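Shown next, in structure tokens, is the structure this report addresses.
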Amino acid sequence: MGDSSSAAGLDPRIYNKLYLNGQYVDAQSTETYSLKNPKDNTVVADKIPIAGPADVEAAVKYAEEAFHGPWSQFTAIQRTECMLKLASLLDEELIPILTLDSLTSGIPVSLAPVRERNYIRNCVLYYAGWTDKQKGDYFPPDDGFVKLVRHEPLGVCAAINPFNAPVACFFLKAAPALATGNVLIVKPSEKTPLGSLAVAALFEKAGFPPGVIQVITGPGSTGALLAEHMKIRKVSFTGSVATGKKIQTAAAMSNLKRVTLELGGKSPAVIFDDANLDNALTWTINAILTRSGQLCVAASRVYVQRSIADRFIEEYKTRMKAAAQDMGDPQDPTVKLGPMVDQAQLERVKQMVDRGRAEAELVVGGNQYGETGCFMEPTVFLNPRDDAEIYRNEIFGPVSIIKTFETEEEVLKLANDTEFGLMSGVFTKDITRALRVSAALESGVVGVNCVSLQNMQAPFGGKKQSGVGREFGEYALRLFTEPKTVLINMAA
Ligand code: NAD
């Protein structure tokens with residue numbers, strides 16, 4: 001293949017290259033793989049490089065040169081200017097990039113014009129405003145020493161991203177990393193690298209020096225080279241718990257690089273009998289169907305109070321059944337629900353659902369949808385066994401489990417009886433109960449009369465095994481910097 005190939009009618013292009021030091025270049029490694037569209041398993045791109053040790057070394061070298069060289073000379077306001085320029089370039093270029101990304105992610109392009117675009121744009125604009133607000137601290141010389149505290153960038157950082165929100169994850173890590181003066185090597189998921197490769201060139205157009213943002217492609221073996229690298233100072237990871245543990249281990253065994261982990265969930269939504277039922281239904285259904293359930297904050301466990309259970313469950317089932325009609329070609333702008341990301345993910349979900357038939361009552365769906373592609377029917381189970389795999393583990397598909405409860409005490413025990421702790425929701429009109437329950441739910445984010453959402457200004461991340469550290473808001477900046485204390489002897 002030449003420099004690049006374009007998918008029919010699409011601009012930007014599909015790159016089967018790495019993006020290093022401001023250019024699309026051939027990988028030194030000769031290993032490659034191909035990518036398929038999950039709507040019909042046709043090949044979208046081939047010869048995508050599997051970056052090896054020499055490629056990672058090159059990326060780290062360029063990153064260090066940028067960090068110590070031109071990028072270190074940028075004032076905070078110059079960094080803001082670059083980020084604002086980037087935001088305006090994204091206004092033009094983001095929709096085609098998200099459309100390109102959809103070819104392998106299966107994320108419906110209908111999400112791009114508003115939802116995805118606003119999320120990414122807001123992220124860049126939000127962090128553009130933070131560059132000159134890293135004010136540090138000062139303590140007076142009451143003991144003879146003035147104490148100054150500086151928030152310094154960490155240096156060369158790496159982002160290792162999951163398949164389900166490739167471009168959004170790119171910016172969630174790049175924006176705070178660059179606002180604080182770091183440089184970043186991004187490794188998108190091997191399943192969905194196209195949007196991340198295409199977006200990389202916009203950074204130089206916006207005025208960032210070459211080497212500040214680089215993109216390398218490849219599977220877990222490439223990610224492992226980053227996690228164990230002695231000159232990378234931080235890995236910001238989003239993905240599964242199992243991989244998060246490997247990354248934290250590699251970081252500890254190499255150079256104790258800083259690690260932020262945004263991991264999986266099995267998020268509960270708790271619906272009390274005084275809740276606005278239509279609101280609870282809308283949020284809980286959206287929360288399991290968005291991206292066809294391939295969402296870390298998916299509300300995959302729904303607890304409903306017994307006195308309203310029959311009514312709630314009937315309507316929930318009706319809406320989930322009806323949602324199958326919303327499935328279709330993710331590249332059609334009228335389609336709301338797309339496929340699983342690939343055949344492997346479809347098989348994984350199908351197998352979990354098949355095992356689930358013996359562990360809970362299957363009341364909606366349960367099968368692959370259609371005959372071509374990787375579509376899974378919206379699926380609902382009732383009253384799982386306490387140790388059921390579908391109730392305990394993240395499925396990452398359009399599959400929810402409903403369980404009934406009598407009392408607040410009982411439902412809190414049920415909701416918290418998990419190693420995950422990313423998101424939860426409580427639905428009630430009683431404000432004191434909402435406050436009490438939101439305090440008791442063991443998750444990094446709790447929605448009241450809403451669930452499965454994030455806000456750029458407020459921290460996002462998991463308790464327990466759902467993560468380490470936080471993204472979003474000022475909290476992300478703290479985790480891309482380290483304080484340095486300067487002690488000034490006033491007696492000298
Ligand atoms: P994954 O863990 O399989 O892969 C994530 C990334 O890690 C990929 O880029 C992969 O190549 C890389 N990787 C794999 N093995 C590695 C290793 N040994 N060392 C370094 N890197 C390695 O996850 P996935 O299937 O792509 O994504 C789905 C998971 O991500 C779900 O569990 C979901 O809940 C989670 N997720 C969490 C959040 C959050 O913000 N908490 C957001 C999105 C997705």
Reach of Lys245 by Cα under 22 Å, taken over lysines that are not fewer than 8 positions away in the same chain: Lys173, Lys187, Lys191, Lys231, Lys234, Lys257, Lys266, Lys463, Lys464
Search the structure for amide H atoms under 5 Å from the amide H of Asn393, placed 1.01 Å from N in the peptide plane, and list their residues when 5 or more places away or on another chain. none
Ignoring ligands, DNA and RNA, what percent of the 1.4 Å accessible area of the chain is carbon and sulfur? 53
Please give the contour-minus-distance gain from Ala322 to Val448: 0.36 nm per residue of separation, less the Cα-Cα distance, rounded to one decimal in nm. 42.7 nm
Test of understanding: what is the full-extension gain from Glu410 to Thr485, defined as 0.36 nm times their sequence separation minus their Cα-Cα distance? 22.2 nm
Selected from Ala128, Val411, Trp283, residue furthest toward positive end of dipole (the chain; charges at beta carbon): Ala128
With point charges of +1 on the Cβ of Lys and Arg and -1 on the Cβ of Asp and Glu, referenced to the Cα centre of the chain, which listed residue (Pro162, Thr75, Ile431) lies farthest in the positive direction of the dipole? Thr75
Along the Cα-to-C-beta direction of Lys463, a point sits 7 Å from the Cα; which residues of the stretch 246-276 have their amide N less than 15 Å from that point? 265-270
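Whenever you get a sec, line up Asp55, Asp142 from highest to lowest accessible area (probe 1.4 Å, protein heavy atoms).
The ordering from most to least exposed comes out as Asp142, Asp55.
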Within the stretch 268-455, pairs of Lys residues whose Cα atoms are less than 22 angstrom apart, provided they are eight or more positions apart or on distinct chains, add up to 11
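Asp430 to Glu361: FRET efficiency via 1/(1 + (r/R0)^6), r the Cβ-Cβ distance, R0 22 Å, to the nearest 0.05?
0.15
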Identify all lysines with a Cα-Cα distance to Lys147 below 17 Å; exclude those on the same chain that are fewer than 8 residues away in sequence. Lys135, Lys484
Cα centre as origin, Lys/Arg/Asp/Glu Cβ charges: the chain dipole, Debye: 700
Between Asp91 and Thr249, with labels modelled 7 Å along Cα→Cβ, what's the label distance in nm to one decimal, could you check? 4.9
What dipole magnitude, in Debye to the nearest 20, does the stretch 346-453 give about its Cα centre under +1 on Lys/Arg Cβ and -1 on Asp/Glu Cβ? 240
Taking the alpha-carbon distance from Lys47 and a cut-off under 14 Å, which aspartates and glutamates remain once sequence neighbours fewer than 8 residues away in the same chain are dropped? Asp3, Asp26, Glu31, Glu190
With a point put 7 Å past each Cα toward its Cβ, work out how far Ala54 is from Asp142 in nm, to one decimal. 6.1
Could you give me the ³J(HN,Hα) list for the stretch 103-120, computed from phi with Karplus coefficients 6.51, -1.76, 1.60 and θ = phi - 60°, whole Hz, x at Gly and Pro? 4, 10, 7, x, 6, x, 5, 5, 7, 5, x, 10, 4, 5, 4, 4, 4, 6
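Roughly speaking, what is the stretch gain from Ala344 to Asp274, that is 0.36 nm per residue apart minus the C-alpha to C-alpha distance, in nm to one decimal?
Using 0.36 nm per residue and subtracting the Cα-Cα distance, I get 21.0 nm.
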To the nearest 20 Debye, how big is the dipole of the stretch 268-455 about its Cα centre, given +1 on the beta carbon of each Lys and Arg and -1 on that of each Asp and Glu? 160
In this structure, the FRET efficiency calculated for Met230 and Glu419 from their beta-carbon separation, with R0 = 45 Å, to the nearest 0.05, is 0.90
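The values are calculated or read from the model by the stated rules, or taken from the named source; none is laboratory data. Given the structure is predicted, the values throughout are model-derived calculations rather than measurements. Reconstructed Cβ throughout: ideal geometry from the backbone, glycine too, with neighbour counts over all protein chains shown. Side chains are part of the model used for accessible areas, which takes the heavy atoms of the whole protein and leaves out ligands, DNA and RNA. Shrake-Rupley method; radii C 1.70, N 1.55, O 1.52, S 1.80 Å.
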